[in-house]
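Taking it in order: structure first as structure tokens, then the write-up.
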Amino acid sequence: MEKRVLGSGGPELTTVGFGAWAIGGPWIYGWGAVDDRDSIAAIQRSLDLGVNWIDTAAAYGLGHSEEVVAKAVEGVSPRPFIATKCGLVPDGKGDVYRNSRPESIRAEAEESLRRLRTDCIDLYQIHWHDESVPVEDAWGTLVRLRDEGKVRYIGVSNYDVPLLKRCLAIAPVQSLQPPYSLIARHYEAETLPFCAGHGIGVIVYSPMQSGLLTGRFDVTKLAADDWRHKSSLFRSPELPQALRFVEDLRPIAAKHNKSVGQLAVAWVLRNRAVTSAIVGARNESQVGENVGAAGWGISDEDCGLIEQLHRKHYA
């Protein structure tokens, strides 16, 4: 599988990474019940097919995702690159809140090290900006954790250009993790070019828009506690709008013997700022299609047609 360097002087990551959000199991932003045995099999199958990195977070399943990842990679050599995040902590009432105070980040780092069964986190990221804490305090804490050898690389998630500039004034930013898809394109105009121009790697999440762009989405099959029930994207008028867009994309995907989901991932990978796309899987059957999203390209002609379809549905 193709690899790209993450940021300036960073590691080489495969263009598709394994996303471990859903395997965290039930929590306020969960995707319904999962079987840990299926999750472990999915991770191991991804590694067998060449994927060399995994993205998780302390918040996913309130720590459970990290624990499952650790079990899946136990004894695997070479050990895959593992990215995790801090800054979303449980409130004791079933929800999470943003907390980027230095002492909280440090406590979270120690817990992530324990759950991941490692003495050094490969990539540590601030999950969301906490407006109650100066970004300099939060980012400075990650810099110190790196200098102490507890993490190798440091990055941020869901940050905009003004926040990135404040981080860069203190230390280089290895990576940004933003949402990016054929539907969610608000980082495209300013943030992605900024990253490309400042040596910041980009690992995008939700390239298939949380399932909407797979070509197989059925809202009636969502678990009762799936977080997507709370999102306007999965209700009228946005849901039927997206599904109409998907139907128009099918002929383009079919021309390459690909699914709409694979087309969606290949499209984000075409952006020169993007290092890799995070694609989730809850069982082995989903893994092969995810890996098939890498290793092929979309022509300029097809990209032009995709843009026309996007304007048709979202202008």
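The values are calculated or read from the model by the stated rules, or taken from the named source; none is laboratory data. Please read these numbers as outputs of a predicted model, since none were measured by experiment. Backbone-built Cβ (ideal geometry, glycine too); neighbour counts: all protein chains shown. Only protein heavy atoms, including side chains, enter the accessible area calculation; ligands, DNA and RNA are left aside. Shrake-Rupley method; radii C 1.70, N 1.55, O 1.52, S 1.80 Å.
Give me a comma-separated list of calculated 3J(HN,Hα) values for the range 158-168, in order, Karplus coefficients 6.51, -1.76, 1.60 applied at θ = phi - 60°, integers in Hz, x for any Gly or Pro.
Taking θ as phi minus 60°, the curve returns 6, 8, 9, 4, x, 5, 4, 5, 5, 5, 4 Hz for the range 158-168.
Can you pull out the GluC sites (Glu not before Pro) in the range 11-85 that DSSP calls coil and that have at most 15 other Cβ atoms within 10 Å?
For GluC sites (Glu not before Pro) across the range 11-85 that sit outside H, G, I, E and B with at most 15 neighbouring Cβ atoms in 10 Å, the list reads 74.
Pop a pseudo-label 7 angstrom from the Cα along the beta-carbon direction at both residue 283 and residue 301 and give the gap in nm to one decimal.
Between residue 283 and residue 301, the label points sit 3.9 nm apart.
Run lengths n ≥ 4 of DSSP H only: what is the helix-derived mean residue ellipticity at 222 nm for the chain, with -39500 (n - 2.57) per run over all residues, to the nearest 500?
About -11500 deg cm²/dmol.
Report, to the nearest 10°, how far helix 135-147 tilts away from the longest principal axis of the Cα atoms in the chain, using its own Cα long axis and a range of 0 to 90°.
70 degrees
For the range 109-163, which GluC sites (Glu not before Pro) are in a loop by DSSP, counting at most 12 other Cβ atoms within 10 Å?
The qualifying sites are 131, 148.
Using a 7 Å offset from the Cα along the Cα-to-Cβ direction at both residue 310 and residue 131, what is the distance between the two label points in nm, to one decimal?
Inter-label distance under the simple model: 2.8 nm.
For helix 36-48, what angle does its Cα long axis make with the longest principal axis of the chain, in degrees from 0 to 90 and rounded to 10?
So the inclination is approximately 80 degrees.
Would you work out which of 123, 209, 242 lies farthest towards the positive end of the dipole of the chain? Charges go on Cβ: Lys and Arg +1, Asp and Glu -1.
242
Per residue, how large is the accessible surface of the range 1-116? Use a 1.4 angstrom probe and give square angstrom.
41 Å²
Sum up the lysine pairs in the chain that clear both bars: alpha-carbon distance under 27 Å and a spacing of 8 or more or different chains.
Lysine pair count for the chain: 18.
For the chain, with the dipole built from +1 on Lys and Arg beta-carbon atoms and -1 on Asp and Glu ones, taken about the Cα centre, which of 9, 196, 169 lies farthest toward the positive end?
Positive-end residue among those listed: 196.
Starting from the Cα of residue 233, step 7 Å toward the Cβ, then list every residue of the range 172-201 with an amide N under 16 Å from that point.
177-188
Using the beta-carbon distance between residue 93 and residue 256 and R0 = 30 Å, what value does 1/(1 + (r/R0)^6) give for FRET efficiency, to the nearest 0.05?
Once the sixth-power term is evaluated, E becomes 0.05.
Pull up the DSSP beta bridges for the range 1-130 and report the antiparallel fraction as a percent, rounded to 5.
Around 40 percent of the beta bridges assigned by DSSP in the range 1-130 are antiparallel ones.
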